[in-house]
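For reference, the structure is listed below as structure tokens.
A short reminder: the numbers here are calculations on the coordinates, not readings from a lab. Keep in mind the model is a prediction, meaning the values are calculated, not measured. Methodologically, a virtual Cβ is constructed for each residue, glycine included, from the backbone with ideal geometry; neighbour enumeration extends over all protein chains shown.
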Amino acid sequence: MITNLLSVGLGGFLGAILRALTGIFISKFPTLLFFPFATLLVNVIGSFLIGIFLTLPLITSNPNLKSFLTAGLLGGLTTFSTFSFDTLTLIENQRFIAAGLNLFLNIVTALIFCYLGTLVSKLLMAN
């Protein structure tokens, strides 16, 4: 139990740092600041990686590694709350098309990339 919690905590620490670095990286491109690209990027990457992680027996058979990578690393990296707030802010600023695009891209693209992650995982297991 303690080892599993420490795995989640360490993964969350690293995921949160990666999330912050992604925001810093995106902020270096002023032309991208009109849209919450950093949130979209971490959510899509996280969805892709969880598709891989949760279909690889090497990971799913090890509870500590699974917790470290999913609840920890990806939990710290991805951000549903920021996605929600970004969308609400776009709506409040009457940027309805951007809000709709944010909803669509985060939900549909994340699902597609999660599926692609499972396909990558299956290809890795087949070889």
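Placing a label point 7 Å from the Cα of MET1 along the Cα-to-Cβ direction, the residues of region 57-81 with a backbone N closer than 17 Å are 64. When the Cα atoms of region 38-127 are aligned to their principal axes, the ranges along those axes come out at 49, 24, 14 Å in descending order.
GNM remark for the chain: springs join alpha carbons under 10 Å apart, and the peak mean-square fluctuation among PHE83, PHE96, PHE68 falls on PHE96.
Applying 1/(1 + (r/R0)^6) with r as the Cβ-Cβ distance of MET125 and PHE29 and R0 = 35 angstrom yields a FRET efficiency of 0.45. Residues in region 44-60 carry Karplus couplings, in order, of 6, 4, x, 5, 4, 5, 5, x, 6, 4, 7, 10, 9, x, 4, 8, 5 Hz; the curve used is 6.51 cos²θ - 1.76 cosθ + 1.60 with θ = phi - 60°, and Gly or Pro positions show x.
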